[in-house]
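Computed from the coordinates by the stated procedures, all read-outs in this text should not be read as laboratory data. Computed from a prediction, not measured in an experiment: that's the story for all the values here. Virtual Cβ from ideal backbone geometry, glycine too; neighbours counted across all protein chains shown.
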Amino acid sequence: MRLSTSIILLSVLGWGCSYRILLVFPLPGVRSHSILGEGIVRHLLAAGHNVTYITAVPSKLSAPELRQIDVSSIKKVFHAEDFCDIDKVLGQGKEIEFHHLDILRRHLMVANYTATHKRVQELMMDPQEQFDLVILDWISTEFLAGLSPVLKCPFTWLSSMEPHGRVLSLVDEWPSPAYVPRSHSRATPPLTFAQRATELWNMLAIMYTKWQLMSEEQALYERAFGRAAAARGRRLPPLEAVKYNASLMLGNSHAATGLAIKLPQSYVPVAGFHIQEEPLPHNLLKIMDDAHDGVIYFSMGSLLKSRRMPDTLKQGLLAMFGSLRQTVIWKLEETPENVPKNVHIFSFVPQQSVLAHPNCILFITHGGQLSTTEALHFAVPILGVPVFGDQFRNIFRAVQKGFARHARAGLELPRDLKTEIQEMIGNPKYREVARELSLMYHDRRATGAELVQWVERVVRTRGAPHLRSPALLVPWYQKMYLDLMSLVVGVVLVIYFAVIRVLCMVKKIDLIKKNR
Ligand SMILES: *[C@@H]1O[C@H](CO)[C@@H](O)[C@H](O)[C@H]1NC(C)=O
């Protein structure tokens, strides 16, 4: 009896069911986003779900339950490398500046391109296409949330960075800029007066930019989703309502790499779910096994292309690496001239497996979120050469935590790197801190399983309304009690003027009496 009740209960709740999940990762050319997308696909397939993957970077994965919708033709109009001009950064020591409006416009273009793509439109227009959940990669715009009302199913975000105001405000509220810096900030709390002022200013600037583009976004949104909603007999709610309707924010973050800020119940930190060690190729394994003085692994990620790196810099780095006792593995697309004996150039490196090798003692990285997470996963200290975006924030935080050091990108890089490498190899402190933090990072459930469980929870509870933050219902002026404050000020003013008036009248009466 009890068994059958629980079986009925389980089937009502939908345990062990296969769900139809739509995953949307529209950004082309940014490797880290596609690595995260693929990680989710892998875990969902392994849990027996049916996945439709709309992506600008199609995956090599294939399975009967996986359907990919390739929107990579966006590459013709959107070049991720435009963001990141290596000549400027490395050659001239200039920094890449981001303008909120520019980024927002570019991302809006990507989102609009994806939503209006022929195959995506066909999917939306076909009433046979039914889904239990949509998972959206958060980019600067929430445009693609329109898929949720069209397909009439709940949706969740995936945030690729440490939690910050722009994503937290979608499921709860904007955290205080006094101690939660923006996603691209270099400031690490406690903030100085000037830093706090800058963070506040930036928060307002971002809000203003969003507001500037609001009507343009709404118009594009209606054009992209209106027809499909009508075809399915549904009313399309405004974007401003839909974007705050996500059931969850899955976050590629963890307190060991970031800040332990307070998070709403609908934010689920799952950093590390993308990690999947593969065996090292023979030649690489041999190099690493034979490296008795340890291996330094150097990679600047996928956006920085070697052919755009100045030759003098390349040669300078090679000469500097050549003067070290350690073995250096450098990920670079083209092999330059004059490569010293202890330096090995590879155009493709299974990064996680290199970091996992016990001989890997140092990771020189641009400090992307995935690279810093992987470094902690495998307890390897990092030497950061941040170039743009959230890399500064990741590296400065790691420096503060004590498992990293920082070198400035520019033509002086070889000299600076050498000093830092010697310090980091000579001092066991960095490795010890990395080990300690790695223990904290690993002291939790496997994040892949966690991710799948949360996704299933959202489907079973039809959007997890019990996790919705009440903060979303309260306008900002009420949160700051500005209404109460104006009431109090009003009452005080009324009393003040009333008293003055009475005093004046008393004085007048006195004068009249005296004059008599
Ligand atoms: C918000 O999500 C819930 C649950 O998925 C849904 O019932 C509701 O219609 C959605 N509202 C909007 C404005 O999209």
* Asked: What residue among 515, 500, 487 has its Cα farthest toward the positive end of the dipole of region 476-515, where the charges are +1 on Lys, Arg and -1 on Asp, Glu, each on the Cβ?
  -> 515
* Please list the non-local residues whose amide H lies under 5 Å from the amide H of residue 298, H modeled 1.01 Å from N, same-chain partners needing a gap of 5 or more. => 329, 330, 331, 364
* Structure fact -> Treating only Lys and Arg (+1) and Asp and Glu (-1) as charged, each at its beta carbon, one finds that region 476-515 has a dipole about its Cα centre, in Debye to the nearest 20, of 300 debye
* With charges only on Cβ, +1 for K and R and -1 for D and E, what is the dipole size of region 282-442 about its Cα centre, in debye, rounded to 20? -> 240 debye
* Qualifying chymotrypsin sites (Phe, Trp or Tyr not before Pro) in region 275-349, DSSP loop, other Cβ atoms within 10 Å at most 13 -> 348
* Specify the angular offset, from 0 to 90 degrees and rounded to the nearest 10, of the alpha carbon long axis of helix 413-426 from the longest principal axis of the alpha carbons in the chain. => 80 degrees
* Structure fact -> Taking alpha-carbon centroids only, region 398-465 lies from region 477-516 a number of Å equal to 60 Å
* **region 508-514 - phi-based ³J(HN,Hα) in whole Hz, Karplus 6.51/-1.76/1.60, Gly and Pro as x** => 4, 4, 4, 4, 4, 4, 4
* To do: Tell me what the chain gives for mean residue ellipticity at 222 nm when only DSSP H runs of n ≥ 4 count, each as -39,500 (n - 2.57), the sum divided by the residue total, rounded to 500 deg cm²/dmol.
  => -14500 deg cm²/dmol
* What would the Debye formula give as log10 I(q)/I(0) at q = 0.24 Å⁻¹ for the alpha-carbon point model of region 476-515, no solvent? -> -0.74
* Asked: What is the magnitude of the charge dipole of the chain about its Cα centre, with +1 placed on the Cβ of each Lys and Arg, -1 on the Cβ of each Asp and Glu, and no other charges, expressed in debye to the nearest 20?
  -> 2000 debye
* Of all the Cα-Cα pairs you can form in the chain, what percent are over 46 Å apart? -> 21 percent
* **Selection from 396, 340, 422 lying farthest towards where the dipole of region 282-442 points positive, charges on Cβ** => 396
* To do: Please work out the C-alpha center-to-center distance from region 282-330 to region 204-256 and express it in whole Å.
  => 44 Å
* Among 178, 24, 446, whose Cα lies farthest out toward the positive end of the dipole of the chain, if unit charges sit on the beta carbon of Lys, Arg (+1) and Asp, Glu (-1)? -> 178
* To do: Take the alpha-carbon centre of region 97-176, take the same for region 19-61, and report the distance between them in whole Å.
  => 14 Å
* To do: Please turn the phi angles of region 382-396 into ³J(HN,Hα) values with the Karplus equation 6.51 cos²θ - 1.76 cosθ + 1.60 (θ = phi - 60°), one per residue in order, whole Hz, x for glycine and proline.
  => 10, 10, x, 10, x, 10, 7, x, 7, 5, 4, 4, 4, 5, 4
* Structure fact -> Links exceeding 23 Å between C-alpha atoms in this model, out of 76/331; 262/479; 262/401; 331/429; 286/418, come to 76/331; 331/429; 286/418
